[in-house]
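Scroll down for the structure; my scribbles are underneath it.
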Amino acid sequence: MSSLAYESISAFWLCRKKLISLHRTANMTKRNKTSIVFVGSGAIATALGNILAQDEDYLVTLLSIEKDVIESVNAEHVNEKYFPTVRLSPLLRATEDKSVLGSADMVFLAIPSVTIVEYLTHNRENLSPEAILVNLAKGFGNERDIIPDCLAQILPNPLATLKGPSFAREIINRQPTAFTLASENEDLFDVFDELFDNTTIHLDYSTDVRGVEYASILKNIYAIIIGIVDAHYDSPNLRSLVLTLAINEMRSLISRFGGREETMFHYCGFGDFTLTALNDLSRNRTLGLLIGKGFFTSNISDKVVLEGRIAVNVLCEQLSGQEGACVQFPLITELHKVFNQEYDIKNFVSRILRRHN
């Protein structure tokens, strides 16, 4: 064999060896990537999933029942239902195959609060017990218990909750956005600090899971109240007065239900409340505006399901047996009457101010 032929064969095998090595490295890298699954493919799941999918170290998947969304995310890299004009990361994938839960290191729960407990009860066999579960929903897990309490009864997984002033449209457009990450396990804080490093997501941390959950529930209720007030009066003075009353009432309720008052001053409290109460993109503020203008009749009310309206009835039922609750919490008590009695909405502002005095 000539030296030239020998050199050619040697070069071939050297090249092949390098290719095999590169292939093995690629597969190893893929196996070692952090697998992140979002249960749901709505606005918040898509927005946060797209942020995380920018990092090639993460395998980010939207687990969805919406076939049109799955197809558009995978084939066109858009969510045609929620963000039809926004180009998504080509690394963001969508599927209806629940087996992805088995390899997930982290599972974000981005479906309606009333469905989460039932969903995980039915699918807990698919979950790795080491997967971190992150609640994004704002509401009760059943008729009266917060979602982390419900999940702790049926699953051994580490739990966290992520709440804050966060319109999904702004997240996907890469506007700086803040959340409170709450967990009783402080070791998880470093995990999320690294997860959102070099993104537009900013976090503060708390071990007060109950306080954070209740803050996210209460902000919807008090946003309705601010909407009613603004429907009647275009008054910065009055708005600031009622905002202050609302913040103090929320803070006291957080404490009443087992949280810490200072949680109100995290992103999940003051931040999320003011975003929801003062911005017309907020559904609960809009509900308040409709009520205040007299456009929200009982017939329409029975057909609309909003977090704030559901939570009013749940919380007032829990408060009903507690002495002095009506006096201590006049705003939520008055709103409960709006939803459950014949009520002249023109008297709402004067009644809450009279009860405060």
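Where a number appears in this text, it was derived from the coordinates with a stated rule and is not lab data. Fair warning: this is a prediction, and the values are worked out from it, not measured in the lab. Backbone-built Cβ (ideal geometry, glycine too); neighbour counts: all protein chains shown.
Given 25 °C and 0.890 mPa s, how large is the Stokes-Einstein diffusion coefficient of segment 112-235 in µm²/s, with Rh as the Kirkwood radius over Cα pairs? Walk me through the numbers on the way to the answer.
Details: Rh = 16.0 Å.
D, rounded to a whole number, is 153 µm²/s.
Within the chain, which DSSP H helices have Cα atoms that stretch 24 Å or more along the helix axis and a mean Kyte-Doolittle hydropathy of at least 0.5?
Values: long enough: 3-32 (43 Å, -0.30); 209-232 (36 Å, 0.94); 236-256 (30 Å, 0.34).
In the chain, the long hydrophobic H runs are 209-232.
What is the extension gain from residue 207 to residue 280, computed as 0.36 nm multiplied by their sequence separation minus the C-alpha to C-alpha distance, in nm to one decimal? Show your work: numbers first, answer last.
On the way: separation 73, 0.36 × 73 = 26.28 nm, distance 3.15 nm.
Between residue 207 and residue 280, full extension yields 23.1 nm more.
Measure out, as a whole number of angstrom, how far apart the alpha-carbon centroids of segment 28-91 and segment 161-178 sit.
Value for the Cα centre distance between the two parts: 16 Å.
Can you order the peptides 332-342, 60-70 by their average number of other Cβ atoms within 10 Å per residue, highest first? Don't skip to the answer; put the middle values down first.
Values: 332-342: 16.8, 60-70: 20.4.
Ranking the peptides 332-342, 60-70 by packing returns 60-70, 332-342.
Provide the packing ranking of 243-251, 343-351, 78-86, i.e. peptides ordered by the mean count of other C-beta atoms within 10 Å per residue, highest first.
On the way: 243-251: 19.0, 343-351: 14.4, 78-86: 16.3.
Ranking, from highest mean packing down: 243-251, 78-86, 343-351.
Nearest-5 percent of antiparallel DSSP beta bridges in the chain? Intermediate results must be reported in sequence, preceding the final value.
On the way: 5 of 31 bridges.
Taking every DSSP beta bridge with both residues in the chain, the antiparallel ones total about 15 percent.
What three numbers, in Å, describe the spread of the alpha carbons of segment 32-207 along their principal axes, ordered from the longest?
On the principal axes, segment 32-207 reaches 40, 35, 32 Å in Cα extent.
Amide H of residue 104 versus every other amide H placed in the peptide plane: which residues, excluding those fewer than 5 positions away on the same chain, fall under 5 Å?
Those qualifying (amide H under 5 Å, at least 5 residues apart or on another chain) are 128.
So what's Rg/Rh here for the chain, counting alpha carbon atoms and using the Kirkwood radius for Rh? Write down the numbers at each step before the final one.
Values: Rg = 24.7 Å, Rh = 22.3 Å.
Across the chain, the Cα-based Rg/Rh ratio is 1.11.
Can you return the aspartates and glutamates within cross-link range of residue 98? Criterion is Cα-Cα under 14 Å, with same-chain partners fewer than 8 residues away left out.
66, 125
Going down the list 163/337; 138/293; 219/337; 67/138; 81/163, which pairs span over 20 Å between their C-alpha atoms?
Values: 163/337 28 Å; 138/293 26 Å; 219/337 18 Å; 67/138 25 Å; 81/163 24 Å.
In this structure, 163/337; 138/293; 67/138; 81/163 lie more than 20 Å apart at Cα.
So what's the net charge close to residue 67: Lys and Arg +1, Asp and Glu -1, counting the other residues with Cβ under 15 Å from its Cβ?
Summing Lys and Arg as +1 and Asp and Glu as -1 gives -4.
Give the whole-number value, in cubic angstrom per residue, of the convex hull volume spanned by the C-alpha atoms of segment 215-356.
Details: hull volume 14.4 nm³, N = 142.
Hull volume over Cα atoms, normalised by residue count, gives 102 Å³.
Which FRET efficiency value, to the nearest 0.05, do you get for residue 86 and residue 340 by plugging their Cβ-Cβ distance into 1/(1 + (r/R0)^6) with R0 = 45 Å? Mind dumping the intermediate values first?
Numbers: r = 41 Å, r/R0 = 0.91.
Result of the calculation: an efficiency of 0.65.
Any idea how far apart residue 244 and residue 119 come out in nm if each label point goes 7 Å out from Cα toward Cβ?
4.1
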